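This report concerns only the one structure given below.
Bear in mind these aren't lab numbers, they're just calculated from the coordinates by the rules spelled out. These figures come from a predicted structure and were not determined experimentally. Because the Cβ atoms are built from the backbone with ideal geometry, glycine has one as well, and the counts that use them run over all protein chains shown.
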Amino acid sequence: MEITSHWRIKKQRYALVGEVCPHCAAKIFPPRDICPECGDEAKDHYQFSGRGEVYSYTTLYNAPAGYEEQAPYTVAMVQLEEGPLVTAQLTDIDVNEPEVGMPVEMVTRKLGSEGDRGILIYGYKFRPVLETA
Amino acid sequence: MMANKNKPKNDVFIIGVGMTPVGEHWDRSLRELALEAMTTAREETGAMRPEAVYVANMLAPALSRQSHLGALLADFSGMRGIEAVTIEAAGASGGMALRQAYLALASGMVNTALVVGVEKITERVTAEVEAALITSSDADYESIHGLTQTALAAMLMRRYEFEFNVPEYAFAGFSITAHANGAKNPKAMFRRPIKLETYQRAAILSDPINMFDAAPMADGAAAIFLARGDVLPSNPPFPPVRIDASATAVSAVAVHDRPNPLSFAAAEKAARIAFDRAKINQDQIDFFELHDRYSIFAALSLEAAGFAAPGEGWKLAESGAIALNGQIPICTFGGSKARGDTGGATGVYQAVEAALQLQGRASEIQVADARIGLIQSLGGIGSTATTHILSTVETL
């Protein structure tokens, strides 16, 4: 059981909470406390919008242990509109649908579980942006 | 006899090598594989006993429930009492173990060392191996989303194709060259050449990576015996190979944390340091053992080491420049693609293969007049890179 390791980063998993550097204004996700741009301390929270576009993607057929039941599934690196890249699954999407540059938005979904009786792990995935009518 | 000026006492030499065939060794254990490679390397020195053993391994704790390989292998090989330790830097463990041994010898604190890389992959089914391999990536922000190393490499390959507008099958030459070389390496896992049509028809693993873009993971062990210049045996059966430069660097573990995911920054830095230390440039390299776990890695490694501009590494495969008789031969024993990728042992296989080239012992896959070789191992998706430059010492 790894309950604490998931609990510890719930703000990141549920709400894409990263950081903004008070020195150079760089937006940082995942949070890392030391700004990768200027090297100064950066601990100010920053909530990302969850909107971005697909930087790259692929579909997995050979999943690692613990994810076999989900296969096949599509993963992507998403470039958030604030700048950082984030790795996540794409959801609500056909295998042939994704393309580089496709606009996507964050949703909260089940990422997996720790066995039949284990905890459910929720977190961010990305789906194609739903058009408002 | 050797002239003193040609063997400064602080120089570090490879004086013995050994390796097992790479493959599915169902009948042999981790320690037995390691022992075979260690024994062969020692026999080439006239059975010298090293002062220290550096073990390169990444997966034994996960796949064999066995850590503490330094003590395990020193004991199993009959060398209780000596210094021994395991070095782990994911797929770069082998290169990193060589680096640590080099530091120990160059410092003068250790005179002789045995570096052994060993990996026992086939104890487990593929899903478990994938789960073990992905532990070298970011657990909280990559692996949790069900990523595999192949998926991460596939995303790099797709983005590379997108940004640099490369034609279809641009990477085929890497696989075809590796298999052409591996066909002539008796230790290789795959010993049959492949045709372009074979590559084109291959099943997709994780688009756009197909079966021939990805190296198979398999069991194997390789070892090299290192000695300082001042303790070289006087009449070695094989010419010693000198380590002219040793360098290593890291970049972000997570691919998404890198300013430019299509640049192997660690490899670039390690290569630049190595070239500076050896005081040579790319034109003087006779062959390059790079870490082709995926064909996209081969392209990015060639670019990082300065043999091609960003976005143009694939052209060296298409033009034949990477072939044995080309301008910059790579993966001369088949590389990870055809020899088989032995995880943390890979860097030691590369060192063995480079030494055999420089000693003129590569028979059918000998690079003509090979005098200076470059080897580079990658850990994770290029997060750690180790680079070594090896050379023959003409007047020995």
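Between B:ALA132, B:SER93, B:SER77, the Cα set farthest toward the positive side of the dipole of region B:70-150 (charges on each charged residue's Cβ, about the Cα centre) is that of B:SER77. Absence of a disulfide-compatible partner, taken as no other cysteine beta carbon within less than 4.7 angstrom, is noted in the protein assembly as shown for B:CYS331. Shielding by partners for peptide A:51-61, expressed as the average number of C-beta atoms from other protein chains within 10 Å of each residue's C-beta, is 6.
Each Cα pair under 8 Å and six or more residues apart adds its sequence gap; the mean of these over the residue count of region B:49-196 is a relative contact order of 21 percent. With only alpha-carbon pairs counted, each pair once and no self-pairs, how large is the Kirkwood hydrodynamic radius of region B:148-298 in angstroms? So the Kirkwood estimate lands at 18.4 Å.
Here the Karplus curve 6.51 cos²θ - 1.76 cosθ + 1.60, taken at θ = phi - 60°, turns the phi angles of region A:101-108 into couplings of x, 5, x, 9, 9, 6, 9, 9 Hz, with x standing for Gly and Pro.
Measuring between alpha carbons in the structure, the pairs from B:LYS184/B:LYS279; B:LYS187/B:LYS315; B:LYS120/B:LYS337; B:LYS195/B:LYS315; A:LYS43/A:LYS110 lying more than 25 angstrom apart are B:LYS184/B:LYS279; B:LYS187/B:LYS315; A:LYS43/A:LYS110. For region B:142-204, applying the loop criterion from DSSP together with a ceiling of 12 other beta carbons within 10 Å to the GluC sites (Glu not before Pro) yields B:GLU168.
Given the options B:VAL17, B:VAL118, B:VAL166, which has the most mean-square fluctuation in a GNM of chain B, springs set between C-alpha atoms less than 10 angstrom apart? Result: B:VAL166 has the largest fluctuation of those listed. Reducing region B:349-379 and region B:95-118 to their Cα centroids gives an inter-centroid distance of 19 Å. Size descriptor for region A:3-128, Kirkwood hydrodynamic radius: 15.5 Å (Cα pairs only, one decimal).
Highest mean packing comes first when the peptides B:336-348, B:56-68 are listed by Cβ atoms within 10 Å, giving B:336-348, B:56-68.
Give, rounded to the nearest 20 debye, the magnitude of the charge dipole that region A:3-128 has about its Cα centre when Lys and Arg contribute +1 at Cβ and Asp and Glu contribute -1 at Cβ.
Working: 13 positive and 18 negative charges, 96 e Å.
Dipole of region A:3-128, to the nearest 20 debye: 460 debye.
Of the residues A:TRP7, A:TYR67, A:SER56, the one whose Cα sits farthest towards the positive end of the charge dipole of region A:3-128 is A:TRP7 (charges of +1 on Lys and Arg Cβ, -1 on Asp and Glu Cβ, taken about the Cα centre). Among B:ARG272, B:ARG31, the ranking by other beta carbons within 10 Å of each residue's beta carbon, starting with the fewest, stands as B:ARG272, B:ARG31. Averaging Cα coordinates gives a centre for region B:211-236 and one for region B:263-277; these two points are 22 Å apart. Taking every residue in B:135-147 and counting other chain Cβ atoms within 10 Å of its Cβ, the average works out to 6. Scoring A:43-49, A:89-95 by mean Cβ neighbours within 10 Å over their residues and listing the highest first yields A:89-95, A:43-49. Length available on full extension from B:ARG28 to B:TYR169: 0.36 nm per residue minus the Cα-Cα distance, which gives 47.0 nm. Relative to the longest principal axis of chain B, what angle (0 to 90°, nearest 10) does the C-alpha long axis of helix B:93-107 take? Tilt of helix B:93-107: around 30 degrees. Per residue of peptide A:76-88, the mean number of Cβ atoms on other chains within 10 Å of the residue Cβ is 4.
Only Lys, Arg, Asp and Glu carry charge here, each on its Cβ (+1 for the first two, -1 for the last two); on that basis chain B has a dipole of about 820 debye about its Cα centre.
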